[in-house]
1. Against the condition surrounded by fewer than 17 Cβ atoms within 10 Å (Cβ to Cβ), in a strand (DSSP E or B) and modelled with pLDDT of 95 or more, how does residue 48 come out, does it pass?
2. State all residues of the stretch 59-79 that are crowded, with 20+ Cβ neighbours inside 10 Å and assigned to a strand (DSSP E or B); if no residue qualifies, say none.
3. Need the failing condition index for residue 149 against (1) in contact with a helix residue (DSSP H, G or I) (Cβ under 9 Å, 6 or more places away or on another chain); (2) under 29 Å from residue 26 (Cβ atoms); (3) free of Cβ contacts under 8 Å to residues at least 24 places away in the same chain, just the number.
4. For residue 106, which of the numbered conditions (1) over 24 Å from residue 1 (Cα atoms); (2) without any contact (Cβ under 8 Å) to a residue 40 or more places away in the chain; (3) in a loop (DSSP other than H, G, I, E, B); (4) out of contact with any strand residue (DSSP E or B) (no Cβ under 6 Å at 6 or more places or on another chain) fails to hold?
5. Of all residues being modelled with pLDDT under 95 and under 17 Å from residue 68 (Cα atoms) in the stretch 124-181, which is surrounded by the fewest Cβ atoms within 10 Å (Cβ to Cβ)? Just the residue, please.
6. Sort through 94, 29 and tell me the only one that's more than 13 Å from the chain's Cα centre (by Cα) and at pLDDT below 95.
7. What's the number of the only condition in (1) surrounded by 14 or more Cβ atoms within 10 Å (Cβ to Cβ); (2) part of a strand (DSSP E or B) that residue 26 fails to meet?
């Protein structure tokens, strides 16, 4: 497994070693010892989540605040997404900046998103099964979010706006400047 730091400190792209033959493939999707050695981050995942989305669905930009902040390790089991992580750490040199990474069942890449980041994705294929690990339990009172189309972030969601499907709840999220951090 390759662990590559992105331009946002603490945010890593994981590329697993995939062993293929005529029967299919095998890969180790996560190894705590290897990840910690390569990243310098100690992590204990406590919750796994999975979602299904159809093409154009935007699930963004979400985070947990305070003691309920979550680090996530995200990947795609079926389909393809544009995955986005936004640095919300006030003391960070990259506060308010984001990265976008194409994650798919075929490239098998994963993105590690540390605590203090907002996260979201858009489904680029007809069907997407999305899976992620969290290092803290979900808490409804600690929910935070930023509107997906905040002009200060200028995120390219890779699809025309009329093809994006955003929940009513996510359409009510504030811009970064008014977000509850």
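1. yes
2. Hits for the stretch 59-79 are 59, 60, 61, 63, 64, 72, 73, 74, 75, 76.
3. Result: residue 149 passes all but (2).
4. (1)
5. Once the filter is applied, the top-ranked residue is 180.
6. Among 94, 29, only 29 is more than 13 Å from the chain's Cα centre (by Cα) and at pLDDT below 95.
7. Status for residue 26: all satisfied but (1).
The values are calculated or read from the model by the stated rules, or taken from the named source; none is laboratory data. Predicted model only: the values in this text are computed from it and were never measured. Here Cβ is always computed from backbone atoms with ideal geometry, including for glycine, and neighbour counts include all displayed protein chains.
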